[in-house]
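Notes follow once the structure below has been shown.
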2 protein chains.
Amino acid sequence: MKLYDMRVAPNPRRVRIFLAEKGIEIPTVEINIRAGENLQPGFLAVNPRGVLPALELDDGTVIDESTAICRYFEALQPEPPLLGTTPLEIALVECWNRRIEFDAGQAVIDAFRNSYPPYADRAVPGRSGMPAIPALVERGRVRLAEFFPVIEQRLRESEFVAGPKFSLADITLLCITDFARALKMTVPEDDVPNFLRWHATVSARPSATA
Amino acid sequence: MKLYDMRVAPNPRRVRIFLAEKGIEIPTVEINIRAGENLQPGFLAVNPRGVLPALELDDGTVIDESTAICRYFEALQPEPPLLGTTPLEIALVECWNRRIEFDAGQAVIDAFRNSYPPYADRAVPGRSGMPAIPALVERGRVRLAEFFPVIEQRLRESEFVAGPKFSLADITLLCITDFARALKMTVPEDDVPNFLRWHATVSARPSATA
């Protein structure tokens, strides 16, 4: 099997960190989305949807959603569990992961893809060539600002995002907030002591460099 | 436990169908999003995020993402499995469910919430009061039109969306396409014989009326 990857993009990083936490190594192929390599015939022959990350299995099956790739490896190698083991843990990991994807991740991606010149004609990830909508930049910024007090409150009550154990929800939050910072979006440094404590802890894990 | 529900909304319907397939009955409380009941103090005290569906457990824990509610019940009562059992099935259910949510679901919701007058000041679901962005209506329509050839091709090769077994991915596709039809968005009736065959099959399951 082989993982189609892009070093600087947040979703491929989620998968790389997940695999590093499991101690799983697989070959990767770097695809440069910014340069449009994901929309060239070579990659579209592998994944007609044109999105990354994409895991190609030996029989040619392609899994092109980050969380689906993570679930595949969690089922193949359950230890250490990153998606919960009890019904409540499983539900809370999924719930927080989705909340972060929607309330923060979509906000960051909207603000980024609708303002970054190379994506002027492909504001929606993947093959669909949608023109940028500038109003989404402000919507994304406002939604991201609203998200931080929520996650600060959660991390005041909980060591990790979904509870006392590190999970995919932490990986998602780390990748999105680091990506937002890299883009110079506002990630607060005041009034969020628990977010900063959490960020230092998860960034110190060896997997964070994956 | 108790499920906060809204009869005509697509995400609560996903959970109701999932529970019906499992033969699980729980009390529901109807909340009218259109009338803004989800943003009134009574519901915000239960779920500060203001979104539906929301499952309230007996200890007060609230799970407010459809797929998290589904995963909770799949873990509590694995039969019949609706999220896959082998690693590959698990990955394919998640992958197709996410593809449908993103490529079709987000398209329909964008087109709906940014054009429906009662949502003019709350185009993003939940507490955040974001103004509508009219350009998202056209983006949503174009993306939805691009989605149907993809799902038609898939259903030409596969009895159900994720493979030979009915799964959450079928529930998601049913709820989104029925919602799009109810809104008079274009759901093709020509050139999609496999989609229509699939739609008739899943609509005939007793759970479809849940």
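Every residue in the stretch B:165-177 that is among the hydrophobic types (A, V, I, L, M, F, W, C) and not in a helix (DSSP H, G or I), please. Write out each step before concluding.
Initial filter on the stretch B:165-177 (among the hydrophobic types (A, V, I, L, M, F, W, C)): B:166, B:168-169, B:171, B:173-176.
Within the stretch B:165-177, just B:F166 meets the criteria.
Conditions tested, residue by residue: (1) crowded, with 21+ Cβ neighbours inside 10 Å; (2) more than 10 Å from every other protein chain (Cβ to nearest Cβ).
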| residue | (1), (2) |
| --- | --- |
| A:V8 | no, yes |
| A:R14 | yes, yes |
| A:F18 | yes, yes |
| A:K22 | no, yes |
| A:G42 | no, yes |
| A:A75 | no, no |
| A:C95 | yes, no |
| A:V108 | yes, yes |
| A:Y116 | no, yes |
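Kindly evaluate A:K184 against the criterion of being of a type in the set (D, E, K, R), modelled with pLDDT under 95 and either closer than 30 Å to A:F43 by Cβ or more than 18 Å from the chain's Cα centre (by Cα) (or both).
Criteria met by A:K184.
Please work out which residue is modelled with the lowest pLDDT, limiting yourself to the stretch B:18-46 and to residues that are more than 12 Å from B:I69 (Cα to Cα), under 19 Å from the mean Cα position of the chain (by Cα) and aliphatic (A, V, I, L, M).
Only one residue tops the list, namely B:I33.
Return the residue satisfying two criteria in turn: it lies in the stretch B:134-164 and is in a loop (DSSP other than H, G, I, E, B) and surrounded by 19 or more Cβ atoms within 10 Å (Cβ to Cβ), and of such residues it is nearest to the other protein chains (Cβ to nearest Cβ).
At the first step, the residues of the stretch B:134-164 found to be in a loop (DSSP other than H, G, I, E, B) are B:134, B:158-159, B:161-162, B:164.
Subset that is surrounded by 19 or more Cβ atoms within 10 Å (Cβ to Cβ): B:161-162.
Working: B:V161: 13, B:A162: 10 Å.
Taking the candidates together, the pick is B:A162.
Scan the stretch A:149-169 and tell me whether some residue there is basic (K, R) and within 19 Å of the chain's Cα centre (by Cα).
yes
Among the residues of the stretch B:98-106, is there at least one that is within 11 Å of another protein chain (Cβ to nearest Cβ), under 30 Å from A:F73 (Cβ atoms), within 20 Å of the chain's Cα centre (by Cα) and of a type in the set (K, R)?
Yes, the conditions are met somewhere in the stretch B:98-106.
Any idea which of (1) facing chain B (nearest Cβ under 9 Å); (2) under 30 Å from B:A120 (Cα atoms) is the one A:P87 doesn't satisfy?
Status for A:P87: all satisfied but (2).
Just checking, how many residues over the stretch A:57-73 are in contact with a strand residue (DSSP E or B) (Cβ under 7 Å, 6 or more places away or on another chain) and surrounded by fewer than 19 Cβ atoms within 10 Å (Cβ to Cβ)?
Total meeting the criteria: 1.
Looking for something on the phi < 0 side of the Ramachandran plot, surrounded by fewer than 18 Cβ atoms within 10 Å (Cβ to Cβ) and touching a residue at least 60 places away in the same chain (Cβ under 8 Å) - is there at least one such residue anywhere in the stretch A:190-197?
The answer is no; no qualifying residue exists.
Restricting to the stretch B:56-73, and then to whatever is within 9 Å of another protein chain (Cβ to nearest Cβ) and either over 15 Å from the mean Cα position of the chain (by Cα) or among the basic types (K, R) (or both), can you tell me which residue is farthest from B:T28 (Cα to Cα)?
B:R71
How many residues does the stretch B:21-64 contain that are of a type outside the set (A, V, I, L, M, F, W, C), without any contact (Cβ under 8 Å) to a residue 60 or more places away in the chain and under 25 Å from B:D170 (Cα atoms)?
Here the count works out to 7.
The values are calculated or read from the model by the stated rules, or taken from the named source; none is laboratory data. All values reported here derive from a predicted model rather than from experimental measurement. Ideal geometry is used to build each Cβ from the backbone, glycine not excepted, and the neighbour counts take in all protein chains shown.
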